[in-house]
Structures are given as structure tokens and as C-alpha cells.
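See structure below.
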């Protein structure tokens with residue numbers, strides 16, 4: 001059966017290979033490379049941890065990521081919390097959970113901190129963090145969380161000083 005016959009009998013058109021258009025590849029900035037490598041290294045450390053650590057009402061989406069004691073990955077060090085080595089980039093070793101915010105315009109602003117929406121200071125899950133003013137971060141401490149949270153970026157869990165805990 002010829003290709004023309006096959007197409008007419010089935011009603012299907014046989015695709016004719018065409019060259020793919022060339023797509024320009026945007027080079028990563030240094031900051032984008034740091035963020036990408038950080039995420040790869042973080043995942044290598046937490047892959048040994050059960051991702052389903054039920055922390056609130058048994059919901060997986062709310063589960064925190066914690067790094068087990070003794071875990072290591074290039075760039076990470078355990079001091080007063082996990083730190084990430086950026087000394088070759090800018091001479092600093094910030095808290096590791098700040099790295100995803102490296103491109104944020106307020107990253108170096110000392111009045112901005114990472115709020116843990118889960119209120120677990122050891123949580124490393126990027127979706128549980130937001131970079132915001134220290135005042136907003138402190139205001140979350142009394143938040144009841146969940147559907148009762150009044151913040152624009154909602155708290156996942158009640159704050160440590162809320163009456164809802």
C-alpha cells in the first residue's frame with residue numbers, strides 16, 4: 001500500500017518531516033545558575049526524607065521538607081540553621097532558604113526576611129516561604145492561619161502566638 005493510498009483510506013494525513021525552527025537559547029545569569037544548582041543540591045539532600053511528613057491535618061501539600069541530621073551537599077553547611085555558600089559570588093553565606101529569592105529586588109535589604117508560611121523555621125520547602133518585610137513577618141506570629149488568615153500571601157499554619165494553635 002502506498003502512502004497516498006494509506007492516507008486516503010484512513011483519512012489521516014501522513015506528516016511530512018520539516019526542519020525544526022532554531023530557537024535562540026537564553027544564557028542563564030549567574031544568579032539563575034546559583035538558584036538552579038541550589039534547587040538540585042537541596043533535592044539531593046531531602047530525597048532520603050519521606051516527603052509525606054504529615055504536619056497538619058494529614059495534608060501532603062502542607063508537609064514541610066526537613067533535611068535530616070548529617071545530610072550533606074556541596075554548598076550547604078550547618079551553622080545556626082542551614083547556610084548556603086555564596087562566598088565565590090558575593091562573599092556571603094546566607095540562610096539556605098533565602099537562595100530562591102536571589103533575584104528578588106529586596107534580597108540584600110536587611111529589613112526583608114524569609115517568612116515561613118508553615119511557621120517551621122527548619123522547613124526548606126520553597127512553596128512554604130515568602131520574602132517580605134520584617135514587620136510583615138512578625139505580624140504572622142499571631143495569625144490563625146488557613147482560611148482565617150488575612151495576609152495577601154496566606155499562612156499555611158497558625159502562628160506560634162495565635163489562639164488557634
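What follows is calculated from the coordinates using simple rules that are stated; it is not laboratory data. In this text the structure is predicted, and so the values were computed from the model without any measurement. Neighbour counts are summed over all protein chains in view; Cβ atoms, including those assigned to glycine, are modelled from backbone coordinates with ideal geometry.
Things to note:
- Residues residue 43 and residue 87, FRET efficiency given R0 of 35 Å [Cβ-Cβ distance, rounded to 0.05]: 0.95
- Cut-off 15 Å (backbone N to label point 7 Å along Cα→Cβ of residue 29), residues of the stretch 129-160: none
- The packing ranking of peptides 114-123, 87-96, highest mean first, is 114-123, 87-96, where packing means the average number of other beta carbon atoms within 10 angstrom of each residue.
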